[in-house]
Amino acid sequence: MAQPDTLDAVLADALDRLEEGARNRKNAMHLPVVATADADARVMVLRHVDREARALRFHTDLRAPKVAALAADPRIGLLAYDPEAHVQLRMRGEGRIERDGAEVEEAWGASSNFARRCYLAPHPPSSAHGAPLPNLPEDVRDAEPDPARLEEEARANFAILKVRLDEIDWFSLAHDGHRRALWRREGQSTWLAP
């Protein structure tokens, strides 16, 4: 596959890869590393890409530590790598937690009941315990929960993390020479030395 040779083509390539990652759970870009400004990093499932707005969407539990971290400092970094294509995307932007609104309801509505059951967790994510903990109510560990229960209990813990991308550092490793470029929302995009 030919490498992009313009900055516009690099941005299109990065967004194409992210969109495919959001659509295809077997794609390498489906599980980027997401780091809040406190340097706490975690792998998250990429759910949606808004190409025009240059924004990404993830699902989260409102009780997760990243919610407080983003409230204190919205800066966020992301890293995605496709080992087959040898393309790395390092991204920076601002994260925002949303718990209400049309997009949140659409995301909740598109989730399976099996996925929604995670938000029934009786203990906040990252809370300490003295023994291994599946953190699901016992009655739903091997069963799909009642939809009414999900609406009553789980929906209250569900939110989305919206990331407005401010920079995408695109890096392609190639035998005949690497290529690297930096897209910026504000300011001039540029080629970089790999």
- prompt: Taking segment 77-95, which residues are touching a helix residue (DSSP H, G or I) at 6+ places or on another chain (Cβ under 7 Å) and under 18 Å from residue 57 (Cβ atoms)?
  reply: 80, 89, 95
query: So which residues in segment 1-35 are open to solvent by 20 Å² or more (accessible area, probe 1.4 Å) and among the β-branched types (Val, Ile, Thr)?
result: 6, 33
- request: Have a look at 38, 73 and point out the one that is over 15 Å from the mean Cα position of the chain (by Cα), at negative phi, surrounded by 14 or more Cβ atoms within 10 Å (Cβ to Cβ) and not hydrophobic (A, V, I, L, M, F, W, C).
  value: 38
- prompt: Only one of (1) under 28 Å from residue 192 (Cβ atoms); (2) of a type outside the set (Val, Ile, Thr); (3) open to solvent by less than 20 Å² (accessible area, probe 1.4 Å) fails for residue 107. Which number is that?
  reply: (1)
query: How many residues, within segment 167-188, are in contact with a strand residue (DSSP E or B) (Cβ under 6 Å, 6 or more places away or on another chain), open to solvent by less than 30 Å² (accessible area, probe 1.4 Å) and in contact (Cβ under 8 Å) with a residue 24 or more places away in the chain?
result: 5
- request: Can you run down the residue pairs with Cβ atoms below 6 Å, 6 or more apart or on separate chains, where the first is in segment 26-37 and in a loop (DSSP other than H, G, I, E, B) and the partner is open to solvent by 30 Å² or more (accessible area, probe 1.4 Å) and charged (D, E, K, R)?
  value: 27/20; 37/73; 37/75
- prompt: Right, residue 67: assigned to a helix (DSSP H, G or I) and touching a Phe, Trp or Tyr at 6+ places or on another chain (Cβ under 8 Å) or not?
  reply: no
- prompt: For segment 94-136, what are the residues that are among the small types (Gly, Ala, Ser) and within 15 Å of residue 46 (Cα to Cα)?
  reply: 95, 107, 110, 111, 115
query: Of these, 99, 164, 141, 155, which one is surrounded by 12 or more Cβ atoms within 10 Å (Cβ to Cβ) and over 17 Å from the mean Cα position of the chain (by Cα)?
result: 155
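Residue by residue, here is whether (1) hydroxyl-bearing (Ser, Thr, Tyr); (2) in contact with a Leu (Cβ under 9 Å, 6 or more places away or on another chain); (3) under 24 Å from residue 193 (Cα atoms); (4) touching a residue at least 12 places away in the same chain (Cβ under 8 Å) holds:
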residue	(1), (2), (3), (4)
6	yes, no, yes, no
24	no, no, no, no
44	no, yes, no, yes
47	no, yes, no, yes
55	no, yes, no, yes
88	no, yes, yes, yes
91	no, yes, yes, yes
Out of 129, 86, sole residue that is of a type outside the set (Phe, Trp, Tyr), more than 17 Å from the chain's Cα centre (by Cα) and either open to solvent by less than 20 Å² (accessible area, probe 1.4 Å) or over 28 Å from residue 152 (Cβ atoms) (or both): 86
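Conditions (1) under 24 Å from residue 64 (Cβ atoms); (2) at pLDDT below 95; (3) of a type in the set (A, V, I, L, M, F, W, C); (4) not in a helix (DSSP H, G or I), marked per residue:
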| residue | (1), (2), (3), (4) |
| --- | --- |
| 125 | yes, no, no, yes |
| 133 | yes, yes, yes, yes |
| 139 | yes, yes, no, no |
| 145 | yes, yes, no, yes |
| 154 | yes, no, yes, no |
| 161 | yes, no, yes, yes |
| 182 | no, no, yes, yes |
| 188 | no, yes, no, yes |
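The values are calculated or read from the model by the stated rules, or taken from the named source; none is laboratory data. Model, not experiment: these values are computed from the prediction. In this analysis, Cβ positions are derived from the backbone assuming ideal geometry, glycine residues included, and neighbour counts consider all displayed protein chains. For accessibility, only protein heavy atoms count, side chains too; no ligands or nucleic acids. Shrake-Rupley method; radii C 1.70, N 1.55, O 1.52, S 1.80 Å.
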